[in-house]
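K.L.:
Structure incoming, see below.
The values are calculated or read from the model by the stated rules, or taken from the named source; none is laboratory data. As the structure is a prediction and not an experimental result, all values here were calculated from the model. Methodologically, a virtual Cβ is constructed for each residue, glycine included, from the backbone with ideal geometry; neighbour enumeration extends over all protein chains shown. Only protein heavy atoms, including side chains, enter the accessible area calculation; ligands, DNA and RNA are left aside. Shrake-Rupley method; radii C 1.70, N 1.55, O 1.52, S 1.80 Å.
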Amino acid sequence: MKLVSEFRQSELAQGLVRSIRRHATKEARFMEFCGGHTVVIMKCGLRQLLPPTLTLTAGPGCPVCVTDNADLDKAIALAKLPNVIVASFGDMLRVPGSCSSLQEAKAAGGDVRIVYSTLDALTLARENPEKSVVFIGIGFETTGPTVAASVLQAAQEGLTNYYVLSLHKLCPPIIKALLDSGEVNLQGLICPGHVSAVIGANAWEFIARDYGIPCVVSGFEPLDILQCVDMLAQQVARGEAKVEIAYRRGVTPEGNQTAIKIMEQVFEPAPARWRGIGEVAGSGLKLRPEFERFDAELNFEFDPGPTIEHKGCLCGDILRGVKTPPQCSLFRRVCTPINPVGPCMVSSEGSCAAYYHYGEENDG
Amino acid sequence: MCLAVPVRIKSIEGTEAEVEAGGITRKASLILTPQAKVGDYVLLHAGYAINIVNQAEAEQTLALFSQMSQLMEPE
């Protein structure tokens with residue numbers, strides 16, 4: 001496939017790996033924020049190619065994984081309401097909330113549909129005018145504009161049965177919260193490629209400037225990630241901290257202004273709860289007052305029940321980059337992709353799932 | 001979750017495009033990339049084109065990788 005296979009050529013990877021080895025003279029820990037990067041790194045065995053001076057740590061960049069139990073319980077409670085169709089991305093269905101999951105709610109008679117896009121959720125609303133369709137809005141800045149666009153479309157069409165449960169989250173505020181906690185010591189940040197395609201590489205300037213941490217935006221093919229690691233290693237070797245792009249075909253410094261405008265027209269920043277991190281001001285998105293009639297939280301009466309955390313599950317620590325999946329006593333023993341305890345084992349981009357599928361038995 | 005794949009625009013009608021990748025054709029919304037043209041590659045995420053792929057940059061990056069693999073002698 002064009003623009004994909006070219007960035008997977010092993011002979012070109014070898015040149016990049018040699019360059020990394022030449023530049024990575026100092027010890028450094030880089031965090032790949034995005035779960036999509038973690039999967040590529042594990043699947044392609046990139047960590048094994050790096051010199052011992054470099055360590056890669058997975059970050060909180062998996063929207064499914066960071067959705068906390070209280071918010072999952074809201075989605076599950078909505079699915080139990082009569083005459084409500086819950087439309088969700090497929091990854092969410094098996095994620096265990098406090099006592100149930102969307103999948104279990106569906107098995108118990110709830111109308112839960114997997115959609116690939118908000119466009120499909122709008123179609124469901126048009127085809128089922130006697131029912132209410134609630135789209136479970138999860139995702140970062142990559143997805144936010146697509147959900148905003150669906151709200152504008154519903155408003156334009158006069159659809160009165162389309163709602164969004166907005167659990168959207170924003171990346172720069174959570175990285176700031178992680179760095180402010182002082183729990184993780186980073187010498188470089190592998191910035192998320194498709195979040196940056198929307199918000200632009202300039203959004204990371206404050207990390208380089210205020211925290212002195214080199215930032216490089218990476219694409220999602222193995223060569224992209226190797227180039228990104230090489231650029232970070234070069235910045236570390238030169239004692240620099242600036243924002244660079246290793247994914248120039250997809251990301252510009254300014255981002256996609258049309259997408260940002262649409263997202264900001266419909267949503268405003270709000271506090272959001274992150275699994276393992278807690279509530280972070282300005283790290284979520286809620287519908288603006290003029291779009292309140294699309295807000296599922298304001299338009300339905302439902303009881304999510306008390307929030308219960310899963311005993312022994314280390315997803316929170318793993319999302320903060322302070323533990324790795326093999327350090328969790330449940331990993332591989334109790335918690336598996338068939339019987340997941342925490343979301344990081346469910347999501348295709350969760351660290352635990354990536355380590356389970358592609359890691360070594362004692363990979364830490 | 002933030003998965004996006006490069007697809008080529010085959011045709012455009014209003015804000016809807018027919019896009020193709022690896023022999024698979026599907027519909028995509030161009031609402032977030034109104035300047036996209038037929039023949040452009042776009043990053044498709046959850047049914048929407050979220051950005052236009054800069055093909056010149058893609059070629060330059062690949063040329064850089066080729067140079068690096070030639071310059072960097074095996075150890």
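K.L.:
Sort out the exposed loop trypsin sites (Lys or Arg not before Pro) in chain A (DSSP loop, at most 11 other Cβ within 10 Å) and tell me the longest stretch that has none. Mind dumping the intermediate values first?
P.N.:
Working: sites that count: A:Lys311, A:Arg333.
Free of exposed loop sites, the longest segment is A:1-310.
K.L.:
Let me ask something else. Given DSSP loops and a limit of at most 15 other Cβ atoms within 10 Å, what is the longest stretch of chain A that contains no such GluC sites (Glu not before Pro)? All intermediate terms of the calculation are to be shown ahead of the outcome.
P.N.:
Numbers: sites that count: A:Glu27, A:Glu130, A:Glu183, A:Glu240, A:Glu254, A:Glu301, A:Glu309, A:Glu360, A:Glu361.
Segment A:28-129 is the longest.
K.L.:
So, for chain B, what is the accessible surface per residue at a probe of 1.4 Å, expressed in square angstrom? Kindly include the intermediate steps, with their values, before the conclusion.
P.N.:
Working: 3790 Å² over 75 residues.
Accessible area per residue, chain B: 51 Å².
K.L.:
What do you get for chymotrypsin sites (Phe, Trp or Tyr not before Pro) in the stretch A:56-138 restricted to DSSP loop and a cutoff of at most 12 other Cβ within 10 Å of the site's Cβ? Kindly include the intermediate steps, with their values, before the conclusion.
P.N.:
On the way: sites: A:Phe89, A:Tyr116, A:Phe135; in loops: A:Phe89, A:Tyr116.
Sites meeting the loop and neighbour criteria: A:Tyr116.
K.L.:
Percent of alpha carbon pairs in the stretch B:5-72 separated by more than 21 Å?
P.N.:
Counting pairs separated by more than 21 Å, the tail of P(r) holds 32 percent.
K.L.:
Taking the 0 to 90 degree range and rounding to the nearest ten, how far is the long axis of helix B:55-71 tilted relative to the main principal axis of chain B, both from C-alpha atoms?
P.N.:
Taking Cα atoms only, the helix is inclined about 20 degrees.
K.L.:
Please check which bits of the stretch A:80-119 a label hung off A:Asn299 would reach, taking the label as a point 7 Å along Cα-to-C-beta and the cut-off as backbone N under 17 Å.
P.N.:
Within reach of a label on A:Asn299: A:80-88, A:118-119.
K.L.:
Of A:Leu170, A:Leu298, A:Leu314, which is the most mobile in a GNM of chain A whose springs link Cα atoms less than 10 angstrom apart?
P.N.:
Checking each option, the largest mean-square fluctuation is seen for A:Leu298.
K.L.:
So what is log10(I(q)/I(0)) for the stretch A:154-290 at q = 0.16 1/Å, when the Debye sum runs over its Cα atoms only?
P.N.:
Calculated log10 I(q)/I(0) at the listed q: -0.90.
K.L.:
Let me ask you something else. Read phi for every residue in the stretch A:249-258 and hand back ³J(HN,Hα) as whole Hz from Karplus 6.51 cos²θ - 1.76 cosθ + 1.60, θ = phi - 60°, with x for Gly and Pro.
P.N.:
Computed from phi, the couplings for the stretch A:249-258 are 6, x, 10, 10, x, 8, x, 9, 5, 4 Hz.
K.L.:
Additional query: If the reach is capped at under 25 angstrom between alpha carbons, list the lysines near A:Lys74, excluding any in the same chain fewer than eight residues apart.
P.N.:
Candidates past the 8-residue exclusion: A:Lys106, A:Lys131, A:Lys169, A:Lys286, A:Lys311.
K.L.:
Which value at 222 nm does the protein assembly as shown reach when only helices count, each DSSP H run of 4 or more adding -39,500 (n - 2.57), with the total divided by all residues and rounded to the nearest 500 deg cm²/dmol? Please report the intermediate quantities before stating the final value.
P.N.:
Details: 18 runs with 162 residues, N = 439.
After summing the helix terms and dividing by the residues of the protein assembly as shown, the value is -10500 deg cm²/dmol.
K.L.:
Next question. In the protein assembly as shown, what percent of the accessible surface is made up of carbon and sulfur (1.4 Å probe, ligands and nucleic acids excluded)? If you can, show how the numbers build up before the last one.
P.N.:
On the way: 8720 of 17630 Å².
Looking at the protein assembly as shown in its full context, I get 49 percent from C and S.
K.L.:
Continuing with this model, one more query. Mind checking which of A:Ile199, A:Ile225, A:Ile262 has the largest fluctuation in a GNM of chain A, springs on alpha carbons under 10 Å?
P.N.:
Residue with maximal mean-square fluctuation among A:Ile199, A:Ile225, A:Ile262: A:Ile262.
K.L.:
Out of A:Ser101, A:Ile225, A:Ala272, whose Cα points farthest toward the positive end of the dipole of the protein assembly as shown (charges: +1 Lys, Arg; -1 Asp, Glu; placed on Cβ)?
P.N.:
After comparing all options, I get A:Ile225.
K.L.:
Same structure, new question: Indicate the residues belonging to the stretch A:111-134 that lose 10 Å² or more of solvent-accessible heavy-atom surface (probe 1.4 Å) upon moving from the chain alone to the assembly of all protein chains, ignoring ligands and nucleic acids.
P.N.:
Residues passing the criterion (a loss of at least 10 Å², heavy atoms only) are A:Tyr116, A:Ser117, A:Leu119.
K.L.:
In addition: Mind checking how much accessible area A and B bury in total, 1.4 Å probe, in Å² rounded to 100? Before the final figure, lay out each step's value.
P.N.:
On the way: alone 15670 and 5730 Å², together 17630 Å².
The A and B chains share an interface burying roughly 3800 Å².
K.L.:
Mind putting a number on the dipole of the stretch A:9-310 about its Cα centre? Charges go on the C-beta only, +1 for Lys and Arg and -1 for Asp and Glu, and I need it in Debye to the nearest 20. Write down the numbers at each step before the final one.
P.N.:
On the way: 27 positive and 34 negative charges, 196 e Å.
Magnitude of the dipole: close to 940 debye.
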